[in-house]
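Data first, discussion second: the structure below is written as structure tokens.
The values are calculated or read from the model by the stated rules, or taken from the named source; none is laboratory data. These numbers were taken from a predicted model, which means no experiment stands behind them. Neighbour counts are summed over all protein chains in view; Cβ atoms, including those assigned to glycine, are modelled from backbone coordinates with ideal geometry.
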Protein chains: 2
Amino acid sequence: MKDNCEVCEHRSYLFDDLDPAEWSLLNNSRKEVACKKGSIIYREGDPIENFIYLIKGLLKVFRTVGDRKEQIIGITDPMDFIGLLNIFSKSTYIYSVATIEYSELCIIDIETIRKIVKMNGRFALTLLEKMSLMNDRLLETRLSINLKNLRGRTAYIILLFARDIYKSNRFELPVSRKEIAELIDMRTENVIRILSEFRRDGIIKIEGKNIEIADLQRLVRISEFG
Amino acid sequence: MKDNCEVCEHRSYLFDDLDPAEWSLLNNSRKEVACKKGSIIYREGDPIENFIYLIKGLLKVFRTVGDRKEQIIGITDPMDFIGLLNIFSKSTYIYSVATIEYSELCIIDIETIRKIVKMNGRFALTLLEKMSLMNDRLLETRLSINLKNLRGRTAYIILLFARDIYKSNRFELPVSRKEIAELIDMRTENVIRILSEFRRDGIIKIEGKNIEIADLQRLVRISEFG
DNA sequence: CGCGGCTTTGATGTTCATCAAGTAAAGTGG
DNA sequence: CCACTTTACTTGATGAACATCAAAGCCGCG
């Protein structure tokens, strides 16, 4: 990554409308951080001090419910922002974020973002749109999951990884069976059972973390019907 | 309601930061509409042309899934905006909105809002915060519902009406049993069964649409545990 | 090399959806 | 305003879907 945001190849389209003074502000209040797999970026309850952009890697956004149960709210892939959900509504994070593989982050001071929002209406509008889109997607995912049975949810999550994250019918699952369960409100045993069932029925090929979609149409049908 | 937004008693705090030119813009591009119970305000797929504020009444935001099944996403009560969820991310609504009782709306042209966002950074920031808050709440509700069993969900929804909407332990249910089911992903029969169960156990008093919480502590416990 | 967490399968019980059937309430057209 | 139709409400019975418990093999890590 270059020293200068203006020419950074990882830059989000969000910042396309900034002027030189704003570029300079941004550039002076940011830093890059590398995190190994399994690092906690922040926890629910931590004060919000930064605006965080994922350059490389994969993150999970989650919360801890009750005693020791975790509920995964979403997966963030590169070129996306995290914690965008509540940086403007609260002073502390409502969800935790952890890396699920080696990741690189660009961290910008939140006050700088606020300042630029106030100075630059175009930027504000773009940010509004972005937040809106992210929230729509998250909510839609939750609503869909609610309506599906376990087979449907399992199909849905495989398709999500294949289409949205890896853009391939063949990929390595970045998460454990347990984490899949936490992501789609199931029990680990049932995730395993249904994955085995899909394999037995020739819908997917799966061996450990390696997964390949063998019968896409059927998987889509299960995801939609279930 | 007065002719002038600046002195309107129903005005949202969102607009506190506007200057005279902006007030005038706002005032010239709005209209008030009264709708009887059961009216459709807009449907999923309709083009987004307005920014709608609820002055009086109660609305439900919902979507139609599959053939004829409806899923209610949320309830909007006065002094709140509707469709704030995706007015900046899409050109058409992703959810439908209908009145569940007689309601009065203030309808503002969406282009005016966009214009003011670009002109006034403070307003943009306030709007960001508002959207963020609404989205947080919606998502949180969904995540909670996912984790609860049917008794827990039923308790949750009773408490939601009592605390958030009516601010009283005694109120008239504005929705049918069927709509409650659609709101918390249950079947109508089970909503009825569990309400009867709560009555039998002395947790609530219920007769038709009239409901009174008799044992708040127990209801809260069921909502949290379930 | 041993411990703890992940994975897998089977057996069992609980929760919930579905079907059925009847009553009550509310809207509709003559 | 009344007969009629539809929609809401209610209870019971049944089976399917799912959670839970148990047990054993696997794998990575200190």
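Within region B:184-218, restricting attention to residues that are within 11 Å of DNA strand C (Cβ to nearest atom) and without any contact (Cβ under 8 Å) to a residue 12 or more places away in the chain, which residue is nearest to B:Lys148 (Cα to Cα)?
B:Arg187
Does region A:149-156 contain at least one residue that is within 12 Å of DNA strand C (Cβ to nearest atom), of a type in the set (Phe, Trp, Tyr) and at pLDDT 95 or above?
no
Residue pairs, Cβ under 8 Å, 6 or more apart or interchain, first in region B:89-108 and within 14 Å of another protein chain (Cβ to nearest Cβ), second assigned to a strand (DSSP E or B) and of a type in the set (S, T, N, Q). List them.
Note: pairs meeting the criteria are B:Ser96/B:Thr64.
Restricting attention to region A:190-213, does a residue exist that is within 14 Å of DNA strand D (Cβ to nearest atom), buried (at least 16 other Cβ atoms within 10 Å of the Cβ) and within 14 Å of chain B (Cβ to nearest Cβ)?
No.
Give the residue that is surrounded by the most Cβ atoms within 10 Å (Cβ to Cβ), with candidates limited to residues of region B:162-174 that are more than 8 Å from DNA strand D (Cβ to nearest atom) and under 16 Å from the mean Cα position of the chain (by Cα).
B:Ala162
Looking at region B:144-156, is at least one residue touching a strand residue (DSSP E or B) at 6+ places or on another chain (Cβ under 8 Å) and not charged (D, E, K, R)?
Yes: region B:144-156 contains one or more residues that are touching a strand residue (DSSP E or B) at 6+ places or on another chain (Cβ under 8 Å) and not charged (D, E, K, R).
Check whether at least one residue in region A:27-42 is within 14 Å of another protein chain (Cβ to nearest Cβ) and either part of a loop (DSSP other than H, G, I, E, B) or farther than 22 Å from B:Leu143 by Cβ (or both), and report yes or no.
No: region A:27-42 contains no residue that is within 14 Å of another protein chain (Cβ to nearest Cβ) and either part of a loop (DSSP other than H, G, I, E, B) or farther than 22 Å from B:Leu143 by Cβ (or both).
Yes or no: B:Leu127 out of contact with any strand residue (DSSP E or B) (no Cβ under 7 Å at 6 or more places or on another chain), of a type outside the set (Asp, Glu) and away from DNA strand C (no atom under 16 Å from the Cβ)?
So B:Leu127 fits the description; yes.
Identify, please: which residue in region B:135-149 is of a type in the set (D, E, K, R) and more than 7 Å from chain A (Cβ to nearest Cβ) and is, among those, farthest from DNA strand D (Cβ to nearest atom)?
Result: B:Arg137.
Exactly one of (1) under 21 Å from the mean Cα position of the chain (by Cα); (2) in contact (Cβ under 8 Å) with a residue 40 or more places away in the chain is unmet by A:Lys178. Its number?
Evaluating A:Lys178 over (1) under 21 Å from the mean Cα position of the chain (by Cα); (2) in contact (Cβ under 8 Å) with a residue 40 or more places away in the chain leaves (2) as the failure.
Taking region B:43-74 as the region of interest, how many residues are away from DNA strand D (no atom under 16 Å from the Cβ), more than 14 Å from every other protein chain (Cβ to nearest Cβ) and either outside any strand (DSSP E or B) or under 22 Å from A:Leu139 (Cβ atoms) (or both)?
Number satisfying all stated conditions: 11.
Name, by its number, the condition in (1) more than 12 Å from chain A (Cβ to nearest Cβ); (2) under 20 Å from B:Pro78 (Cα atoms) that does not hold for B:Thr112.
(2)
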